[in-house]
Amino acid sequence: MELAVQQVLNWLEKTNEKIQRNKEYLTSLDQAIGDGDHGINMSRGFQEVMSKTSATSYNSVSDLLKDVAMTLLSKVGGASGPLYGTAFLKMSMAVKGKEPIDKPALEDAFEEALNGILQRGKAQLGDKTLVDVWTPVVNFLKEHTGIEGPQLEEVAKNAMESTKEVMAKKGRAAYLKERSIGQLDPGSVSSYYLFASLAEVLEEGE
Ligand code: ADP
Ligand code: MG
């Protein structure tokens, strides 16, 4: 398993497709327990990411991920822009000089990204945020030497679904307390798209 610039571009493109296709769905999830802008935030952010990265030629994955981070940090408002922006920035730093990215480097990159998200957002596992998807995915990556795309997708999907029955303790949904139970966390759904897309790219690369 190795990821070079082209595979990372494919990952971003697949993520973008899912986000654009599910923009209304993400919005409706955020309408239920937030302020209804998650679909708009993610759609605009990834549109900007696609226009930036398709107009630039990259020699390194690190530079590419840094542009993704800067775009998300500068163009996306709300909680999700800074959180995803931080995640991509940490990944960019983690893979610097370790390209193409092999399994240990990928593992490190996602672990650093999760640490960045935790530092920035101060959420814990079980608070009904995207941390609830990132944590089991990072654990899965660390526990498996070879990564099977379908398995990765399943881990991310189960984690996303697990956010439904818990009460929100961080983010806007936390204001609803018990009323947040029974709804999926919007940021966990967008994070699922990110990891489902990664799973597809890893499968294609085999
Ligand atoms: P906002 O909440 O500012 O309207 P978005 O709607 O774009 O921003 O994003 C909401 C998502 O951000 C939530 O569904 C949750 O997954 C994530 N989120 C919110 N606050 C935090 C936090 N403190 N730590 C981690 N993730 C968070
Ligand atoms: Mg919102």
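The values are calculated or read from the model by the stated rules, or taken from the named source; none is laboratory data. This structure is a prediction, so every number in the text was calculated from the model and none was measured. Using ideal geometry, Cβ is built from the backbone for each residue, glycine included, and neighbour counts are taken over all protein chains shown. Heavy atoms of the whole protein, side chains included, go into the accessibility calculation; ligands, DNA and RNA do not. Shrake-Rupley method; radii C 1.70, N 1.55, O 1.52, S 1.80 Å.
Figure legend. Inter-residue proximity from the range 10-36: first residues assigned to a helix (DSSP H, G or I), second residues among the β-branched types (Val, Ile, Thr) and within 16 Å of ligand 2 (Cβ to nearest atom), beta-carbon distance below 7 Å, spacing 6+ or different chains. Indicated pairs: 26/189; 27/40; 29/189. Being more than 9 Å from ligand 1 (Cβ to nearest atom) and either in contact with a strand residue (DSSP E or B) (Cβ under 9 Å, 6 or more places away or on another chain) or of a type in the set (Phe, Trp, Tyr) (or both) holds for only one residue in 87, 105, and it is 105. I'm checking my understanding of the structure. Among residues of the range 1-33 that are under 17 Å from residue 76 (Cβ atoms) and open to solvent by 30 Å² or more (accessible area, probe 1.4 Å), which one is nearest to ligand 2 (Cβ to nearest atom)? Restricting to residues being under 17 Å from residue 76 (Cβ atoms) and open to solvent by 30 Å² or more (accessible area, probe 1.4 Å), the top hit is 23. Within the range 120-158, the set of residues being of a type in the set (Gly, Ala, Ser), free of Cβ contacts under 8 Å to residues at least 60 places away in the same chain and open to solvent by 10 Å² or more (accessible area, probe 1.4 Å) comprises 121, 123, 126. Quick check on my filter: what residues within the range 1-30 are within 19 Å of residue 188 (Cβ to Cβ) and either within 10 Å of ligand 1 (Cβ to nearest atom) or β-branched (Val, Ile, Thr) (or both)? Once the filter is applied, which keeps residues that are within 19 Å of residue 188 (Cβ to Cβ) and either within 10 Å of ligand 1 (Cβ to nearest atom) or β-branched (Val, Ile, Thr) (or both), the range 1-30 yields 15, 19, 26, 27, 29, 30.
Restricting to the range 34-66, count the residues that are on the phi > 0 side of the Ramachandran plot and either open to solvent by 60 Å² or more (accessible area, probe 1.4 Å) or out of contact with any Ser or Thr (no Cβ under 7 Å at 6 or more places or on another chain) (or both). Spell out how you get there, then give the answer.
Looking only at the range 34-66, we keep the residues that are on the phi > 0 side of the Ramachandran plot, and these are 36.
Okay, now just the ones that are also either open to solvent by 60 Å² or more (accessible area, probe 1.4 Å) or out of contact with any Ser or Thr (no Cβ under 7 Å at 6 or more places or on another chain) (or both), so none.
Looking only at that region, the number is 0.
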